[in-house]
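Novice: Handing you this structure, nothing more for now.
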Amino acid sequence: MSVGTVEGLVIGGERITAAEGRTFDVVNPASATTLATVAEGGVEDVNRAVAAALRAYESWGALSPVTRGRRMHRFAALVEERAEELALLECRNVGMPISDARGQLGMIVDVIRYYAGAVDKFFGHTIPVERDGIALTFREPIGVVGLITPWNFPLNIANWKIAPALAAGNTVVLKPASLTPLSVLRYAELAVEAGIPEGALNVVPGPGGTVGAALVEHPDVGKIGFTGSTEVGAGIARQAAATIKRVTLELGGKSACIVFADADLEKVGRMAPYAVFENCGQDCCARSRLIVEESAKDELLERYAATASGLRVGMPEDDSTEIGPLISAAQRETVEGYVRSGLDEGATVVAGGERPAGELEAGFFYRPTVLDGVTNDMRVAREEIFGPVVSVITFRDEAEAIRIANDTPYGLSGSLWTRDGARQLRVARAMRTGVLGVNSNSSVFPQTPFGGYKQSGVGKELGMHALEHSTELKSVFISTE
Ligand code: NAP
């Protein structure tokens, strides 16, 4: 709900205007028109939100995990009930095709349910020690957790962090990306409706450099969970060190899709393009380096490029659209700059490489683009493009495939296509990456850990691992001597 015509901050369970009265506009990237005006938080609003979260922690943190689990189940049911409304907000604000946005909402509900059910199955131990007595461990909430999230999957990524944090008994202040605050503001209202105490989940949109930084510096915030670029993440880690905050970072990627000649090339050509072009390539897991065995390259490239060219680029609210616009004009210019740099360094365009014409001209659209003749030292192969561009690189043997895949500062995701079982295991073990799909685009589930190696991050989301990162571990010894 909005405060007048302005989408208010959510602090203490209410929609309110910003302390300094500022607002900013949010744009629909498919039409380049204003979608909403949002209250722009500042340092004072962060202080108010943290104070509200501290108050709510007294009641929420003290509840038994069983009771918290029940409330989280109610929250999941409400989000499920309002899924279409939330999916539409996501679709309009991000430019995400509506069918994808509906899929995201499915995962969001599943993740809340996972933590609602998991939290009373996550407990300490009794540990044998030398002295007479008993050594115990307890899992306890951290307190107030600060979360900072990006614009590419705004609600899904926020929910990956919020659901385990709340289930574990923490309270939350979230700073969403300035480009996409709408869905999580609505979601926070639903949390209150579900019986999660007012102030347990606060949302303060506003500039990263002020709202985000104030959250990272705040002495009453015990942990920062961040998803975004490696550059901003590194700054947050430095800043958070001043108050010894717990920090988890989900950062950028430059993931590989390795294809051996023995793979089912028809299947790879039909499926693998979705692993880079979905969400218009604005995916930290985008398999943006297609590393293919030389002898299979011509056949695979023909199939892969045909799929890429046939993807339905269109208005996000159209049910049949597969690829929507990029998030902003600036993002599209960045993508176009990368394609030019690839061409300057000797690559060739075999699909896409241009903006679509006609009714899509008003939005920030760009066609799925396949660059052939790339080597792993080119800029397009080294830097995260965060757009619909894949670079095709060839290898001669398994060792070279692994060397190229690992020759990157990142290590987030990856795909591997081969029918050879021993090779599946060998290469999967050799790839320095946190998440990997073998003969599959997807390898992300509510139950399994997600997170990066190397400069792609620290800590894990999802699975029981997120509960570890949402709690402190206390060790107690009770003497019976
Ligand atoms: P970004 O520029 O790093 O921003 C991420 C968030 O940090 C935004 O909310 C931003 O606020 C905030 N922020 C910016 N400067 C800050 C500062 N100095 N202190 C505190 N917060 C600050 O990233 P993005 O462009 O939104 O997202 C794209 C990046 O996210 C890509 O690199 C992508 O790979 C990565 N990503 C990673 C994962 C993963 O799970 N590993 C998932 C999705 C995306 P403003 O919006 O106000 O600038």
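Novice: Quick one: Cα centre-to-centre distance for region 25-69 and region 271-338, in angstrom?
Specialist: 33
Novice: Right, another one. Taking K and R as +1 and D and E as -1, what net charge do the other residues with C-beta under 12 Å from the C-beta of R396 add up to?
Specialist: Residues close to R396 contribute a combined charge of -3.
Novice: Of N156, S99, A52, which is farthest along the charge dipole of the chain in the positive direction, counting Lys and Arg as +1 and Asp and Glu as -1 at C-beta?
Specialist: With unit charges placed on the Cβ atoms, the residue in question is A52.
Novice: For region 1-140, just the Cα atoms, rotate onto the principal axes and tell me the three extents in Å, largest first.
Specialist: Its Cα atoms span 70, 38, 24 Å along the three principal axes.
Novice: Expressed as a whole percentage, what fraction of the accessible surface of region 100-151 belongs to carbon and sulfur atoms when a 1.4 Å probe is rolled over the protein heavy atoms?
Specialist: The C+S portion of the solvent-accessible surface of region 100-151 is 56 percent.
Novice: Order of 30-37, 101-108 by packing, highest average Cβ count within 10 Å first?
Specialist: 101-108, 30-37
Novice: In the structure shown, do any of K175/K245; K121/K460; K267/K454; K121/K175; K121/K161; K121/K223 have a Cα-Cα gap over 27 Å, and if so which?
Specialist: Checking Cα-Cα distances, K267/K454; K121/K175 exceed 27 Å.
Novice: Rounding to the nearest 20 debye, state how big the charge dipole of region 199-276 is about its Cα centre with +1 on each Lys and Arg Cβ and -1 on each Asp and Glu Cβ.
Specialist: Approximately 180 debye in magnitude.
Novice: To continue, here is another question. For the chain, with only Lys/Arg (+1) and Asp/Glu (-1) charged at the beta-carbon, what is the dipole magnitude about the Cα centre, in debye rounded to 20?
Specialist: 1040
Novice: Antiparallel as a % of all DSSP beta bridges within the chain, to the nearest 5?
Specialist: 40
Novice: Taking every pair of distinct Cα atoms and averaging 1/r, then inverting, what Kirkwood hydrodynamic radius in Å comes out for region 164-258?
Specialist: It is 14.6 Å.
Novice: Would you calculate the volume per residue, in Å³, of the smallest convex hull containing every Cα atom of region 353-401?
Specialist: Convex hull volume per residue, Cα atoms: 87 Å³.
Novice: Could you give me D for region 285-404, from Stokes-Einstein at 4 °C and 1.567 mPa s, where the hydrodynamic radius is the Kirkwood radius over C-alpha pairs? Units µm² s⁻¹, please.
Specialist: This corresponds to a translational diffusion coefficient of 86 µm²/s.
Novice: Then there is this: Express in whole angstrom the spacing between the alpha-carbon centres of region 89-128 and region 346-388.
Specialist: 32
Novice: Averaging sequence separations of C-alpha pairs under 8 Å and six or more residues apart, then dividing by the length of the chain, give the relative contact order as a whole percent.
Specialist: The value is 18 percent.
Novice: Using +1 at the Cβ of each Lys and Arg and -1 at the Cβ of each Asp and Glu in the chain, identify which of Q331, I112, V232 lies farthest towards the dipole's positive end.
Specialist: After comparing all options, I get I112.
Novice: Separate question: Bin width 5 Å, origin at 0, all Cα-Cα pairs of region 79-237: what percent of pairs per bin?
Specialist: Per 5 Å bin, starting at 0, the Cα pair percentages come out as 2, 9, 17, 20, 18, 13, 9, 5, 3, 2, 2, 1, 0.
Novice: Based on the mean of other beta carbon atoms within 10 Å per residue, what is the order of 371-377, 397-403, most packed first?
Specialist: 371-377, 397-403
Novice: Any idea of the accessible area per residue across region 341-431, 1.4 Å probe, to the nearest Å²?
Specialist: Accessible area per residue: 42 Å².
Novice: Could you give the radius of gyration (one decimal) and Dmax (whole number) of the Cα atoms in region 416-470, in Å?
Specialist: 12.7, 39
Novice: How large, in Å, is the chain by the Kirkwood hydrodynamic radius built from its alpha-carbon pairs?
Specialist: Taking the inverse mean of 1/r over all distinct Cα pairs, the chain comes out at 23.2 Å.
Novice: Let me ask something additional. What order do you get for 216-229, 141-154 when each peptide is scored by the mean count of other beta carbon atoms within 10 Å, highest first?
Specialist: 141-154, 216-229
Novice: Please compute the alpha carbon radius of gyration of region 61-116, then divide it by the globular-protein estimate 2.2 N^0.38 Å. Two decimals is fine.
Specialist: 1.30
Novice: List, in order, the whole-Hz ³J(HN,Hα) value for each residue of region 183-189 obtained from phi through the Karplus relation with A = 6.51, B = -1.76, C = 1.60 and θ = phi - 60°; use x for Gly and Pro.
Specialist: My calculation for region 183-189 gives 5, 6, 5, 5, 4, 5, 5 Hz in order.
Novice: Under the rule of at least 5 residues apart or a separate chain, name every residue whose amide H is placed under 5 Å from the amide H of R22.
Specialist: For R22, the qualifying residues are E40.
The values are calculated or read from the model by the stated rules, or taken from the named source; none is laboratory data. Because the structure is predicted, anything quoted here is derived from the model rather than measured. Here the Cβ is made from the backbone with ideal geometry for all residues, glycine too, and neighbour counts use every protein chain on show. Surface areas here come from the heavy atoms of the whole protein model, side chains and all, with no ligands, DNA or RNA. Shrake-Rupley method; radii C 1.70, N 1.55, O 1.52, S 1.80 Å.
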